Amino acid sequence: MFKKNIGIKISTIILVSLFSLQAFAQAWTIPAELKAKTSYIPFTSSTSKEGEDTYTKNCMSCHGNPGKGNSMKALNPIPPDLAGKVTQQRTDGDLFYIITTGRGVMPSFKDVFPEQERWKLISYIRSFNRQYVQVLSTFNPQKAKLVKFDITYNAVNHLVRVAVKATEKTGMVVLKNDSVDIYAKRYFGRLQFDNGMITDKDGIAYFKFPTDLPGDKAGNVEVIARVTDDNYGEVTYQTRMKIGVPTDKPGLTEQRAIWNVVSKSPIWLVVVFTSGILFLGLFLLYIGFSLWKIRKIGTL
Ligand code: HEC
C-alpha cells in the first residue's frame with residue numbers, strides 16, 4: 001500500500017513537472033545593451049514587404065502566418081505566433097537578439113541574413129502591431145565604409161591574423177573588443193573556421209586555420225571576415241588568400257553534374273531526357289495517327 005502510494009506520488013511529480021516545462025516557456029536572458037539596440041533602417045511598407053518575403057521562405061514553416069495562430073504545434077516549445085502579445089511586448093533589440101542567436105529549435109540566423117535583412121524581418125513582425133512606434137537608431141551605416149581589414153597568414157603556426165581599424169578624419173581608430181568571425185567560401189555556402197573571436201586592445205584576433213582545406217589549382221581560398229561593432233555596424237570583407245592545399249580537380253561548377261547548368265548536365269541525364277521527349281513525341285504522333293484512322297473508319 002505504502003509502496004503503491006510512493007509510485008503514484010512520483011509519477012504525479014514527474015507529470016506535473018513535465019507539464020510545467022511545456023506551459024512556461026523559458027525566459028530569454030538578453031544583455032541590457034542588446035535589449036536597447038534599435039534599427040537604423042526606418043520601417044516602411046517596403047521594408048515590411050521585403051521582410052515578409054524572407055519570413056515566408058524561412059520562418060513560416062514553424063511560426064505559421066502571423067496572427068493566425070497556426071504555428072507548428074508539434075515542436076517543443078511551440079513556436080510563438082509573432083503577431084501575439086508576448087512577442088510584440090519585446091523590444092526591437094530583443095527580437096534582433098533572438099533572431100540573431102536563436103536557441104534550441106529556433107535557429108540562429110546570424111550567418112544566414114546580414115543585419116539589414118534581420119531588421120526587415122522585424123519590420124514585418126511589427127507591421128502586425130498598430131500601437132508600435134519605431135525608435136530609430138542614430139547609427140550611421142555609411143561609417144561601415146571606413147572600416148579596413150588586414151588579414152595575414154602565418155604558415156609556421158597556421159594562424160590567420162585579422163586586424164580591424166577604421167580611418168576617421170581624426171585618425172585611425174582601432175576596433176577593440178569586437179566580435180570577429182572568419183569563413184572560407186565553398187561551393188555551397190561558407191565554412192566557418194575556428195570559433196568567433198574578440199579583438200584585443202590592438203584590434204587584432206587570431207584564428208586557427210585547417211591545414212587540409214582544399215583550394216583552387218594554386219591553393220587560393222576566398223576568405224570572408226566579419227566584424228560587429230557598435231559604431232561601425234556589421235562589416236564583411238572578402239579576400240583571396242593562398243592558404244589552401246592546391247587541388248587540381250575540375251571545379252564543382254566546371255564539370256558535368258546534376259547541379260550544373262543545362263549545357264553541363266551529365267551525359268546520362270541528357271540521353272534519358274532526350275529519349276524520353278522523343279518517345280513522348282512518337283507516342284503522341286501514334287495517338288494522332290490512330291485517331292485519324294478511327295475517324296476515317298467512322299466516315300466510311
Ligand atoms: C525550426 C523552427 C523555427 C524556424 C524555422 C524559425 N523559428 Fe523562431 N522560434 C522557434 C521556436 C521553437 C521558438 C521558441 C524558442 C524558445 O522560446 O526557446 C522561436 C522563437 C522565436 C521568437 C521569439 C518569440 C517570443 O516572443 O518568444 C522570434 C522573434 C522568432 N522565433 C523569430 C523567427 C524568425 C524571424 C524566423 C525566420 C527568419 C524564425 N523565427 C524561424 C522555431 C522556429
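Looking at the structure I just gave you, is residue 118 within 16 Å of the ligand (Cβ to nearest atom) and open to solvent by 40 Å² or more (accessible area, probe 1.4 Å)? Criteria not met by residue 118. Figure legend. Inter-residue proximity from the stretch 57-68: first residues more than 9 Å from the ligand (Cβ to nearest atom), second residues part of a loop (DSSP other than H, G, I, E, B), beta-carbon distance below 6 Å, spacing 6+ or different chains. Indicated pairs: 64/70; 64/71; 66/82; 66/83; 66/128; 67/83; 67/128. When residue 203 is tested against the conditions (1) assigned by TED's automatic domain parsing to the domain that holds residue 176; (2) more than 11 Å from residue 162 (Cβ to Cβ); (3) not aromatic (Phe, Trp, Tyr), the lone failure is (2).
The one condition from (1) within 9 Å of the ligand (Cβ to nearest atom); (2) in contact with a helix residue (DSSP H, G or I) (Cβ under 6 Å, 6 or more places away or on another chain) that residue 50 does not meet is (1).
Which residues, counting only those in the stretch 127-146, are in contact with a Gly (Cβ under 9 Å, 6 or more places away or on another chain) and surrounded by 16 or more Cβ atoms within 10 Å (Cβ to Cβ)? Before the answer, list the steps.
Residues of the stretch 127-146 in contact with a Gly (Cβ under 9 Å, 6 or more places away or on another chain): 127-128, 139-141, 143-144.
Result: 127, 128, 139, 144.
Check whether at least one residue in the stretch 123-143 is touching a strand residue (DSSP E or B) at 6+ places or on another chain (Cβ under 9 Å) and either more than 19 Å from residue 37 (Cβ to Cβ) or assigned to a helix (DSSP H, G or I) (or both), and report yes or no. Break it down stepwise before answering.
Filtering the stretch 123-143 down to residues touching a strand residue (DSSP E or B) at 6+ places or on another chain (Cβ under 9 Å) leaves 139-141, 143.
Subset that is either more than 19 Å from residue 37 (Cβ to Cβ) or assigned to a helix (DSSP H, G or I) (or both): 141, 143.
The answer is yes; a qualifying residue exists.
Just the residues that are in a loop (DSSP other than H, G, I, E, B), of a type in the set (A, V, I, L, M) and without any contact (Cβ under 8 Å) to a residue 24 or more places away in the chain, please, taken from the stretch 250-294.
The answer is 257, 258, 261.
The values are calculated or read from the model by the stated rules, or taken from the named source; none is laboratory data. As the structure is a prediction and not an experimental result, all values here were calculated from the model. We place every Cβ from the backbone using ideal geometry, glycine too, and count neighbours over all the protein chains shown. Heads up: the accessible areas ignore ligands, DNA and RNA and are worked out on the full protein's heavy atoms, side chains in. Shrake-Rupley method; radii C 1.70, N 1.55, O 1.52, S 1.80 Å.
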